[in-house]
1. At a Förster radius of 41 Å, what calculated FRET efficiency corresponds to the Cβ-Cβ distance of K110 and D35, to the nearest 0.05?
2. What angle do you read, to the nearest 10 degrees and between 0 and 90, between the alpha-carbon axis of helix 57-73 and the longest principal axis of the chain?
3. Helix 139-152: angle to the longest alpha-carbon principal axis of the chain, degrees 0 to 90, nearest 10?
4. Please state the relative contact order of the chain as a whole percent: Cα pairs under 8 Å, 6+ residues apart?
5. Per-residue counts of other Cβ atoms within 10 Å, averaged by peptide: what ranking do you get for 133-145, 117-129, highest first?
6. Which angle from 0 to 90°, rounded to the nearest 10, does the C-alpha axis of helix 105-118 make with the longest principal axis of the chain?
7. Decide, for the chain, between rounded, prolate and oblate: order the square roots of the alpha carbon gyration tensor eigenvalues as a ≥ b ≥ c, take rounded if a/c falls under 1.5, and otherwise choose prolate if a/b is larger than b/c, else oblate.
8. Residue farthest toward the positive end of the dipole of the range 1-104, with Cβ of Lys/Arg at +1 and Asp/Glu at -1: which of G47, H17, H6?
Amino acid sequence: MAAADHSFDIVSKVDHHEVDNAINQAAKEVAQRFDFKDTQTTVKWAGEAVEIESSTPERATAALDVLESKLVRRGVSLKALKPGEPRVSGKRAHITCALSQGITQENAKKITKLIRDEAPKAVKALIQGDELRVVSKSLDDLQAVQALVKAADYDFAVQYTNYR
């Protein structure tokens, strides 16, 4: 890469600290709200996923709505949260929400094809593991690529890092 080249990375990451704060806020709200009284509803980490447990599937879904509102307020994209279907075991309903991170090879190829087809010709996109590096001599071209990728509205969260 020549000294005159500029670049940025396209990544799909989740700020675990913000997710942790959102979970704590959701758990606190669920514990205090009248409509969750006597449901023993909980929102907590379960390994790398978030586990919501309640007395009924409807209350578990309502707790998921509370969690989603807290995530949005903390700037975490809901595209990173992959909630499962409510499932009942015994007298309790559970929803497991996976957090997706990284750009899959298939999605990385979709983004590089979009950049190759629609971005200015001087822009190059390189797949590097679970992220993409976009390189160009022009900062304006890089900004055009960011706008292009943002407008494409993929089903996964996208952030831009290492802008230089």
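1. Computed FRET efficiency for K110 and D35: 0.50.
2. Tilt of helix 57-73: around 40 degrees.
3. Once rounded, the angle reads 40 degrees.
4. Numbers: 284 pairs, mean separation 52.4, N = 164.
Dividing the mean separation by the residue count of the chain yields 32 percent.
5. Working: 133-145: 16.9, 117-129: 13.9.
So the peptides 133-145, 117-129, ranked by packing, come out 133-145, 117-129.
6. For 105-118 against the chain, the angle is about 40 degrees.
7. On the way: a/c = 3.43, a/b = 2.80, b/c = 1.22.
Taking the square roots of the gyration eigenvalues as a ≥ b ≥ c, the chain is prolate.
8. Farthest along the dipole direction, towards plus: G47.
We did not get these values from a lab; they are worked out from the coordinates using the rules stated. The shown structure was predicted, so the numbers you read here are calculated from the model rather than taken from an experiment. Neighbour counts are summed over all protein chains in view; Cβ atoms, including those assigned to glycine, are modelled from backbone coordinates with ideal geometry.
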